[in-house]
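The values are calculated or read from the model by the stated rules, or taken from the named source; none is laboratory data. As the structure is a computational prediction, the values presented were derived from the model and not from experiment. Because the Cβ atoms are built from the backbone with ideal geometry, glycine has one as well, and the counts that use them run over all protein chains shown.
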Amino acid sequence: MRRKPLFLTLVALSALLLIAAPASARLFDPEHGGSPNADRIDTLYWIIFAIALVIWVMVEGALLYSLFKFRARRGAVAAQIRGNTRLEVGWTVGAAVILVVLAVVTFALLPGIRNPENSGPNGYSGALLAASPVKKLPPNGKSLNICVNGQQYIWRFTYATDCSKTTALDPFAYERMVVPVDTTVTLDITGQDVIHSWWVPALGGKFDAVPGYVNHTWFKIPASKVGSVFHGNCAELCGRNHADMVADVQAVTPSQFEKWISRQQQLIKQADTAAAQQRKQFQNNTTSPTP
Amino acid sequence: MAATVDTAPALKPTPQVTARQVTAPPRGMTSWLTTTDHKRIGIMYMVTTFVFFLMGGTEALMMRLQLGAPNNTLITPQTYNALFTMHGTTMIFLFVVPMMAGFGNYFVPLMIGARDMAFPKLNALSYWLLVAGGVVFYGSLFFSAPEAGWTSYTPLSSIAYSPTNGIDAWIFLVHLTGLSSLVGAVNFYATIANMRAPGMGWGRLPLFVWTILVYSILLILALPVIAAAVTLLLTDRHFGTHFYDPSQGGSPLLWQHLFWFFGHPEVYIMVLPGFGIISEVLPVFARKPIFGYKAIAASTVVIAFLGLLVWAHHMFATPSPSVVLVFFMLGSFLIAVPTGVKIFNWIATLWRGTVEFTTPLLFCVGFIGTFVMGGITGIFLAVFPVDWQLTDTYFVVAHLHYVLMGGAVFGIFAGIYYWFPKITGRMLNETLGKTSFALMLVGFHVTFLIQHSMGLSGMPRRIYRYPDVGNLATYNMISTVGSFILALGILVTVINVVRSVNNGVIAGPDPWKANTLEWFTTSPPPVNNFDVVPRVRSVEPMKDIRRQVERQETLVRA
């Protein structure tokens, strides 16, 4: 009897958790809202959560019930049961059935998560859209392709239709990726030095950037999110400054995007010319004294 | 058959010569350093690994201090990376796996009625290899500690990106502790297969011994793979090979496959003996036979088998075809079935029993309650599209601690409180034990429950600082406070052990009225364990013996 308080606390604690779970759904909600695939992952998560919650309550409930109901009392005699085949087969099959349900749900939602969908009617339709022969594209074959390259400790984004044939003149940016809304963006992700992992939580799952491999994913930011910036962090340990390797994705309108692209191209060209001049100057300076 | 019946000593009423001479048990430092007695080796294992547990725990507390506030500058990124590498490696290679070997060493021979392990000298070698591994690893603290995490993914662990010798120290730790475990595993296997008491068939083997048997088989299957993997890493680092170098035709994913082919069975290597401890302790304090002995033993084997086939669920975010992802998702689902069976059987063992709330039982219950949570979050992670959101975040950190703290550490503490009387001859203090349990349980859940939410809000693991966005600051503060409550709980057990070794209540041979043979001998047992090994007639030989004694007493009185 003296031991009762401890167990009452335990019961109270579990009850509190149970109440807290639905009351503060945000506490248990994965990031989403930036792309349909992230939203579908969120849906899948909540389906599993619902099934899991029921199982959890049942198992923990059965555990606590048998503890308190059958605690040692004067005169109580333990039933000498060694097993019950029917019961044991029952719960084995039961567990298997739940898993089959989970698998079916996953397979139903998988294509919408894995396969890119078409851009919306108000999406970007400029020169950078093109088909790629090597990977999964939207059904109409059109997406804005970006080559994502992880480097210690920064992300480089090159806007090119074929990531194996990028040139110095392809528009690129570091750390902040600018994309048009309502447009399907496909990513070719690789790592330059060590393994990194591309992850902007609101836009979908992680995809590792592995040197020597190309990983693929996609997102499509709804038009309502124009002007938003989505934050992400490298998700695979990549060295001492792993914590500081961040990525931002800025959603703009297609016309703003076209302006941004041409400005990037112009800036890159300017910088290249300036660099070429400097190189020449440097070469002249160093070569002239020697015969 | 006739021969076995003739030599079964318990059946013979005539006195037997069981020892030709009696020597006093050796004492002093040298006797410990040179011992081949499985009990002394077991004690050395348990003490050494517990010291490593405290070291790994201190590293965890330092990390929690750093993460207590956003943008904290307490610890440098270099030190932080070294801390989580040391913490993970210590807890896995130097604490949980060898702690289970410690329990196995002490109790397998006693539970099966053997006088020692099959190869006593080899047994001593396993222990000293473990010590060597620990020394090599912690020696790197004085030079340059490894910083690539306990997984040491290449190319981060290659010479170009980890030029100091910390990774080499880690490689040698894996080799030395790996050899230690391999030698130990062979020894366990040989002992269990050959040295069981008369009458103890496979269907009467104690469930803890079953799990140590499966633990040994898993070690024998998994360890050579990691040994090969780290050897390739060593030659890549120092002898010009390119096994993992993509620019020379190697593959960084090769490392991940080899690592996790070992790494996932390693999880079961860590938790199965914990399951074994639970299966021994629960029936004793429910005063009821274990429910479904065969199902529990069989599920151990099934978990081990399936555990060998699911390694790539650690790699769902790598560039892999959908069919591979689906295979490993379904494989991981399957493991939930035998694991669920175990949990249901344990609960059914309590059902209609007379449950005595002793400290070992409390730790068992804490184990089941916590492990169920870890198992359920495991289902989330097995669904690979959901895993894409959750992997490499604090959600996974929370999951793995629910599994390993729940599955292994609570199991180990149940084992400590249950078997301490046998090892030392004295009882641990129950009040301190219960205080320790309450603090540990509350501290654990305060620390780790909130980490699920951190991960869901987008906090990756292994980062030394985080920005002050959303509720991250509050979540992390809660977690840090919890970790110190947990540490306090562990400290109470340390105090309890230190106090009780010399001052605890004298235990006697069988203080719990338990079921298995280790309680048949004195506490602590003599060097030769048993003068007479009784014939085993059921899964609960001690129950039979007590019943027989009662019958004889009534006969004498009548």
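Which of the following residues is closer than 21 Å to B:Trp512 by Cβ, assigned to a helix (DSSP H, G or I) and in contact with a Ser or Thr (Cβ under 9 Å, 6 or more places away or on another chain): B:Phe395, B:Phe420? It would help to see each step written out before you state the result.
Details: B:Phe395 fails: closer than 21 Å to B:Trp512 by Cβ.
After applying the criteria, what remains is B:Phe420.
Residue check, A:Val93 against (1) part of a helix (DSSP H, G or I); (2) surrounded by 12 or more Cβ atoms within 10 Å (Cβ to Cβ), all met but one. Which one?
Evaluating A:Val93 over (1) part of a helix (DSSP H, G or I); (2) surrounded by 12 or more Cβ atoms within 10 Å (Cβ to Cβ) leaves (2) as the failure.
Please specify each residue of segment B:63-75 satisfying the condition of being buried (at least 16 other Cβ atoms within 10 Å of the Cβ) and aliphatic (A, V, I, L, M). Before the answer, list the steps.
Looking only at segment B:63-75, we keep the residues that are buried (at least 16 other Cβ atoms within 10 Å of the Cβ), and these are B:63-64, B:66-69, B:75.
Correct list: B:Met63, B:Leu67, B:Ala69, B:Ile75.
Select from segment B:389-440 the residues that are surrounded by 24 or more Cβ atoms within 10 Å (Cβ to Cβ), within 14 Å of chain A (Cβ to nearest Cβ) and under 23 Å from B:Gly504 (Cβ atoms) and list them in ascending order.
Residues satisfying the conditions are B:Phe410, B:Gly433, B:Ser436, B:Phe437, B:Met440.
Condition first: aromatic (Phe, Trp, Tyr), assigned by TED's automatic domain parsing to the domain that holds A:Cys234, more than 26 Å from A:Asn115 (Cβ to Cβ) and not in a loop (DSSP other than H, G, I, E, B). Can you find one or more residues in segment A:182-199 that meet it?
Within segment A:182-199, the subset aromatic (Phe, Trp, Tyr) is A:198-199.
Those still in the list that are assigned by TED's automatic domain parsing to the domain that holds A:Cys234 too: A:198-199.
Now narrow it down to the ones that are more than 26 Å from A:Asn115 (Cβ to Cβ): none.
The answer is no, given that none of the residues of segment A:182-199 is aromatic (Phe, Trp, Tyr), assigned by TED's automatic domain parsing to the domain that holds A:Cys234, more than 26 Å from A:Asn115 (Cβ to Cβ) and not in a loop (DSSP other than H, G, I, E, B).
For segment B:344-351, indicate whether the set of residues that are away from chain A (no Cβ under 11 Å) and either without any contact (Cβ under 8 Å) to a residue 24 or more places away in the chain or touching a His at 6+ places or on another chain (Cβ under 9 Å) (or both) is non-empty. Reasoning before the result, please.
We begin by selecting, within segment B:344-351, every residue away from chain A (no Cβ under 11 Å); these are none.
No, segment B:344-351 has no match at all.
Scanning for something of a type in the set (Asp, Glu), in a strand (DSSP E or B) and at pLDDT 95 or above, does segment A:205-223 turn up at least one residue?
For segment A:205-223, residues of a type in the set (Asp, Glu), in a strand (DSSP E or B) and at pLDDT 95 or above: present.
For segment A:147-168, state whether one or more residues are more than 10 Å from chain B (Cβ to nearest Cβ), basic (Lys, Arg), surrounded by 14 or more Cβ atoms within 10 Å (Cβ to Cβ) and within 30 Å of A:Ile195 (Cα to Cα).
yes
Within segment A:274-287, is even one residue closer than 17 Å to A:Asn37 by Cβ and either buried (at least 21 other Cβ atoms within 10 Å of the Cβ) or at pLDDT below 95 (or both)?
no
Residue check, B:Leu309 against (1) over 19 Å from A:Ile55 (Cα atoms); (2) of a type outside the set (Asp, Glu); (3) within 24 Å of the chain's Cα centre (by Cα); (4) not in a loop (DSSP other than H, G, I, E, B), all met but one. Which one?
Going through the list (1) over 19 Å from A:Ile55 (Cα atoms); (2) of a type outside the set (Asp, Glu); (3) within 24 Å of the chain's Cα centre (by Cα); (4) not in a loop (DSSP other than H, G, I, E, B), B:Leu309 breaks only (4).
Kindly indicate whether any position in segment A:111-120 is exposed (fewer than 14 other Cβ atoms within 10 Å of the Cβ) and within 12 Å of another protein chain (Cβ to nearest Cβ).
yes
Each row is one residue, and each column tells you yes or no for (1) within 12 Å of chain A (Cβ to nearest Cβ); (2) assigned to a helix (DSSP H, G or I); (3) in contact (Cβ under 8 Å) with a residue 60 or more places away in the chain.
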position	(1), (2), (3)
B:Leu125	no, yes, no
B:Ala132	no, yes, no
B:Ser140	no, yes, no
B:Thr151	yes, no, yes
B:Ala160	yes, no, no
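For the list (1) part of a loop (DSSP other than H, G, I, E, B); (2) free of Cβ contacts under 8 Å to residues at least 24 places away in the same chain; (3) not hydrophobic (A, V, I, L, M, F, W, C), I need the number of the one condition that A:Gly123 fails.
(2)
Give segment A:238-267 a look and list any residue that's free of Cβ contacts under 8 Å to residues at least 40 places away in the same chain and within 12 Å of chain B (Cβ to nearest Cβ), or say none. Show your work before the answer.
Of the residues in segment A:238-267, the ones free of Cβ contacts under 8 Å to residues at least 40 places away in the same chain are A:240, A:243, A:255, A:259, A:262-263, A:266-267.
The answer is A:Arg240, A:Ala243.
Any chance you could count how many residues in segment A:236-252 are part of a loop (DSSP other than H, G, I, E, B) and in contact with a Gly (Cβ under 9 Å, 6 or more places away or on another chain)? Spell out the reasoning first.
Of segment A:236-252, the ones part of a loop (DSSP other than H, G, I, E, B) are A:236-241, A:245.
Adding the requirement that they be in contact with a Gly (Cβ under 9 Å, 6 or more places away or on another chain) leaves A:236-238, A:245.
Total meeting the criteria: 4.
Look through B:Leu219, B:Leu232, B:Leu253 and report the one residue that is surrounded by 20 or more Cβ atoms within 10 Å (Cβ to Cβ) and more than 14 Å from chain A (Cβ to nearest Cβ).
Values: B:Leu232 fails: surrounded by 20 or more Cβ atoms within 10 Å (Cβ to Cβ); B:Leu253 fails: more than 14 Å from chain A (Cβ to nearest Cβ).
Of B:Leu219, B:Leu232, B:Leu253, the one residue that is surrounded by 20 or more Cβ atoms within 10 Å (Cβ to Cβ) and more than 14 Å from chain A (Cβ to nearest Cβ) is B:Leu219.
Report, by residue number, each residue of segment B:369-385 that is touching an Asp or Glu at 6+ places or on another chain (Cβ under 9 Å) and facing another protein chain (nearest Cβ under 8 Å).
Start the filter on segment B:369-385 by keeping residues that are touching an Asp or Glu at 6+ places or on another chain (Cβ under 9 Å), which leaves B:369, B:372-373, B:380-381.
Hits for segment B:369-385 are B:Gly369, B:Val372, B:Met373, B:Phe380.
If you take the residues in segment B:464-490 that are part of a helix (DSSP H, G or I) and more than 31 Å from the chain's Cα centre (by Cα), which one is farthest from the other protein chains (Cβ to nearest Cβ)? Show your work before the answer.
Filtering segment B:464-490 for residues part of a helix (DSSP H, G or I) gives B:472-490.
Checking the rest, the ones that are also more than 31 Å from the chain's Cα centre (by Cα) come to B:472-474.
Working: B:Leu472: 11, B:Ala473: 15, B:Thr474: 11 Å.
That would be B:Ala473.
Can you tell me how many residues within segment B:247-258 are within 19 Å of B:Pro163 (Cα to Cα) and touching a residue at least 60 places away in the same chain (Cβ under 8 Å)?
Matching residues across segment B:247-258 total 2.
Listed here are the residues, each with its yes/no results for (1) modelled with pLDDT under 90; (2) more than 8 Å from every other protein chain (Cβ to nearest Cβ); (3) over 28 Å from A:Asp39 (Cα atoms).
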position	(1), (2), (3)
A:Ile51	no, yes, no
A:Trp56	no, no, no
A:Glu60	no, no, yes
A:Lys69	no, yes, yes
A:Arg73	yes, no, yes
A:Ala96	no, no, no
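Quick one: A:Asp188 ticks every box in (1) touching a strand residue (DSSP E or B) at 6+ places or on another chain (Cβ under 6 Å); (2) away from chain B (no Cβ under 12 Å) except a single one, so which number is it?
(2)
Need at least 2 residues that are under 16 Å from A:Val252 (Cα atoms), under 18 Å from the mean Cα position of the chain (by Cα) and hydrophobic (A, V, I, L, M, F, W, C) per element, so show me which strands (runs of 3 or more DSSP E) inside segment A:137-181 make the cut, counting only ones lying wholly within it. Step through it out loud before you land on a result.
On the way: elements: A:143-151, A:154-159, A:172-174, A:176-180.
So the answer is A:176-180.
Search segment B:324-343 for residues being of a type in the set (Gly, Ala, Ser) and free of Cβ contacts under 8 Å to residues at least 40 places away in the same chain, and hand back the single one that is farthest from the other protein chains (Cβ to nearest Cβ). Lay out the reasoning, then the answer.
The first filter runs over segment B:324-343 and keeps only residues of a type in the set (Gly, Ala, Ser), leaving B:331-332, B:336, B:340.
In the following step, the residues that additionally are free of Cβ contacts under 8 Å to residues at least 40 places away in the same chain were identified as B:331, B:340.
Working: B:Gly331: 11, B:Gly340: 4 Å.
By that ranking, first place goes to B:Gly331.
Would you confirm whether any residue within segment B:323-332 is touching a Ser or Thr at 6+ places or on another chain (Cβ under 7 Å), closer than 23 Å to B:Gly274 by Cα and surrounded by 22 or more Cβ atoms within 10 Å (Cβ to Cβ)?
No, because not a single residue in segment B:323-332 is touching a Ser or Thr at 6+ places or on another chain (Cβ under 7 Å), closer than 23 Å to B:Gly274 by Cα and surrounded by 22 or more Cβ atoms within 10 Å (Cβ to Cβ).
Within the group B:Thr85, B:Thr36, B:Thr49, B:Thr58, which residue is not in a helix (DSSP H, G or I) and not hydrophobic (A, V, I, L, M, F, W, C)? Let's see the steps before the verdict.
Working: B:Thr85 fails: not in a helix (DSSP H, G or I); B:Thr49 fails: not in a helix (DSSP H, G or I); B:Thr58 fails: not in a helix (DSSP H, G or I).
Exactly one of B:Thr85, B:Thr36, B:Thr49, B:Thr58 is not in a helix (DSSP H, G or I) and not hydrophobic (A, V, I, L, M, F, W, C), namely B:Thr36.
So that you can scan it fast, the table gives a plain yes or no per residue for (1) under 16 Å from the mean Cα position of the chain (by Cα); (2) surrounded by fewer than 19 Cβ atoms within 10 Å (Cβ to Cβ); (3) within 14 Å of chain B (Cβ to nearest Cβ):
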residue	(1), (2), (3)
A:Pro201	yes, no, yes
A:Phe207	yes, no, yes
A:Pro211	no, no, yes
A:Lys225	no, yes, no
A:Ser228	no, yes, no
A:Cys234	yes, no, yes
A:Lys269	no, yes, no
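For segment B:291-314, enumerate the residues that are crowded, with 18+ Cβ neighbours inside 10 Å and within 8 Å of chain A (Cβ to nearest Cβ).
Correct list: B:Phe291, B:Gly292, B:Tyr293, B:Ala295.
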